[in-house]
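K.L.:
Right, I'll just put the structure down here and ask away after.
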Amino acid sequence: MTDESRPADAKPKHRGKRGRRRKPRSTRKKALVISAWTAAGVVVLGGTGLGYVYFKLNGNIKGVDINAALGTDRPLDVDNGSQDILVLGSDSRSGDNGKYGKDEGAARSDTAMIVHVYKGHKKASVVSIPRDTLITRPECAVKDGDGKTDPGGERQMFNTAYEVGGPACAVKTVEKMSGIRMDHYVEVDFTGFKKLIDTLGGVEITTKQAIKDKDSHLDLPAGDHKLGGEQALGLVRTRHGVGDGSDLGRIQLQQAFIKALINRVKDIDLFGNPKKLWDLADASTSAVTTDSDLDTVKDLASFANGLKGIGSGDMKMVTMPVEYDPADRNRVIPLEEADRQVWDALRADKPIPKSATDKSAGDKGAAGKVVTSE
C-alpha cells in the first residue's frame, strides 16, 4: 500500500495505553502474564519486577530494530484497534541446537505465523505460512553483509527470506505478500521452545493415531500423552509421521499443539509456587527475540497483558491458501484470489471468510484431526 492510497482519515496506530489508568500489577502477576503469552506465541507461537529480577529478565530478551532496518517502505499503519504479529520459529543448528542437524552457518524460518489480534483483544486469527511456499521475495539487506543486498526474485521459497536477511527480511517479505504492516515480531529457536515446555511441566495432548517419524525423533502411540520439551519439539517438527509427509501436515500439528499449549498455560496455578513462576518468566524471556518495541520487560509485559483474555477457543487458525506446484510437488504456490480474501479480511479487522480456504490444500490434510487437546 502506497502513500497515495492512504485513507484521508487514517492515523498511525498509537502504542500508548488506552482508557482509564489501572493500578500497577504485582510483580508475580506480571510475570505470569508475560510467561503465558510468550509461551503461547512460540510455535512455532503467544510482565515482571524490580531490582535484580528486572535486570536479569530484561537482559534475557534479544531485540531487533525492524523499523530502522525497513524504513518507510512499508504498508500503511492503520489505527483500527487491531494488532498483527509475525511469529517465527528458527531452525538454527548453532550452539545448543546442534543436536538437531549440522550447523551450515545459516538458519531459516521453520515455522511462520501471522497472529491478527482483533479490536478489543478478545479474539484472534492465526495464518500459518508454509515454509515451502514459492513467492516473489523482495530485495533485502543481507544479514551480516556489511551493507550488501540480495536482489530477491520469483519462485523463492518463503523460508529463505530469514536465511538471507534475518528478521527484517522476513517481516518485509510478509508485508509485501499481505499488504499488512506487522506491529511486532517474535522469534523462538529449538532450544528456547523446548525449555519453555519443560518449565511448564509438559503439555497434554491426545493422538488419534500413532505418530512415528525418525527424522524428528518422535514415536507416539495413539492415546493420551503429556509431552515434555523434547517430544513437543519433535511433534511440531514432524512432517513424515502423518498425512502426506508435507509441510502442510506439520502446520496442522503445530496449530493443534498451540491450542494445547494455551490451555496448559491457563490451567496452571503459579501463584503458590514462586520458584516455578520465576523459572517460567526466566525461560520465557530467554527464549525470545523480539522487535525493539518489545525488547524490555516493561514493554513485553504490557504487550502480553493485552493478550491475556484470548483463549484457545477464541482463535481461528488457518493455513495461507495454497496449492501444490504443478512443476514440483514438494513445493506449494499461493492461491492468489483466496489469499487476497484472507489479507483483505485481516486488514479490515474482519473474520476470515470460510470461502477463502475452501480450495486450499493447506486445510484439507489428513493431519488436521490427529492431535487434540480435549
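The values are calculated or read from the model by the stated rules, or taken from the named source; none is laboratory data. Just so we're clear, the structure is a prediction, and the values are computed from it rather than from any experiment. Quick reminder, even Gly has a Cβ in these numbers, built from the backbone with ideal geometry, and neighbours come from all protein chains shown. Calculation scope for accessible area: heavy atoms of the full protein, side chains included, ligands and nucleic acids excluded. Shrake-Rupley method; radii C 1.70, N 1.55, O 1.52, S 1.80 Å.
K.L.:
May I ask you to verify whether K298 is more than 19 Å from the chain's Cα centre (by Cα) and surrounded by fewer than 19 Cβ atoms within 10 Å (Cβ to Cβ)? Before you say what the answer is, go through the steps one by one.
P.N.:
Numbers: more than 19 Å from the chain's Cα centre (by Cα): yes; surrounded by fewer than 19 Cβ atoms within 10 Å (Cβ to Cβ): yes.
Against the criterion (more than 19 Å from the chain's Cα centre (by Cα) and surrounded by fewer than 19 Cβ atoms within 10 Å (Cβ to Cβ)), K298 qualifies.
K.L.:
Right, next: I'd like the full set of residues that are hydroxyl-bearing (S, T, Y) and at pLDDT 85 or above, limited to the stretch 348-374.
P.N.:
Residues of the stretch 348-374 hydroxyl-bearing (S, T, Y): 355, 357, 360, 372-373.
Listed by number, the residues that qualify are S355, T357, S360.
K.L.:
Next up: Of all residues being touching a Phe, Trp or Tyr at 6+ places or on another chain (Cβ under 8 Å) and open to solvent by less than 10 Å² (accessible area, probe 1.4 Å) in the stretch 122-131, which is farthest from K354 (Cα to Cα)? Just the residue, please.
P.N.:
Filtering the stretch 122-131 for residues touching a Phe, Trp or Tyr at 6+ places or on another chain (Cβ under 8 Å) gives 124-125, 129-131.
In the following step, the residues that additionally are open to solvent by less than 10 Å² (accessible area, probe 1.4 Å) were identified as 124-125, 129-130.
Values: A124: 15, S125: 13, I129: 17, P130: 19 Å.
That would be P130.
K.L.:
If you don't mind, another one. If the requirement is being aliphatic (A, V, I, L, M), out of contact with any Asp or Glu (no Cβ under 6 Å at 6 or more places or on another chain), part of a loop (DSSP other than H, G, I, E, B) and modelled with pLDDT under 85, which of these qualifies: L300, L307, L280? Steps first, answer last, please.
P.N.:
Numbers: L300 fails: part of a loop (DSSP other than H, G, I, E, B); L280 fails: part of a loop (DSSP other than H, G, I, E, B).
Sole residue among the options that is aliphatic (A, V, I, L, M), out of contact with any Asp or Glu (no Cβ under 6 Å at 6 or more places or on another chain), part of a loop (DSSP other than H, G, I, E, B) and modelled with pLDDT under 85: L307.
K.L.:
What's the number of the condition A338 fails, among (1) more than 23 Å from R239 (Cα to Cα); (2) open to solvent by 30 Å² or more (accessible area, probe 1.4 Å); (3) modelled with pLDDT of 95 or more; (4) not in a loop (DSSP other than H, G, I, E, B)?
P.N.:
Among (1) more than 23 Å from R239 (Cα to Cα); (2) open to solvent by 30 Å² or more (accessible area, probe 1.4 Å); (3) modelled with pLDDT of 95 or more; (4) not in a loop (DSSP other than H, G, I, E, B), the lone unmet condition for A338 is (2).
K.L.:
Another one. Just checking, does the stretch 236-243 include any residue being in contact with a Phe, Trp or Tyr (Cβ under 7 Å, 6 or more places away or on another chain) and either part of a strand (DSSP E or B) or within 24 Å of D144 (Cα to Cα) (or both)? Before you say what the answer is, go through the steps one by one.
P.N.:
Here is the first cut: in the stretch 236-243, the residues in contact with a Phe, Trp or Tyr (Cβ under 7 Å, 6 or more places away or on another chain) are 236.
Now restrict to residues that are either part of a strand (DSSP E or B) or within 24 Å of D144 (Cα to Cα) (or both): none.
Checked the stretch 236-243: no residue is in contact with a Phe, Trp or Tyr (Cβ under 7 Å, 6 or more places away or on another chain) and either part of a strand (DSSP E or B) or within 24 Å of D144 (Cα to Cα) (or both).
K.L.:
Now for a separate question. Please count how many residues of the stretch 67-81 are part of a loop (DSSP other than H, G, I, E, B) and either within 14 Å of G179 (Cβ to Cβ) or of a type outside the set (S, T, Y) (or both). Show your work before the answer.
P.N.:
First, pick out the residues of the stretch 67-81 that are part of a loop (DSSP other than H, G, I, E, B): 71-81.
The next check asks that each one be either within 14 Å of G179 (Cβ to Cβ) or of a type outside the set (S, T, Y) (or both); those that pass are 71, 73-81.
Of the residues in that region, 10 qualify.
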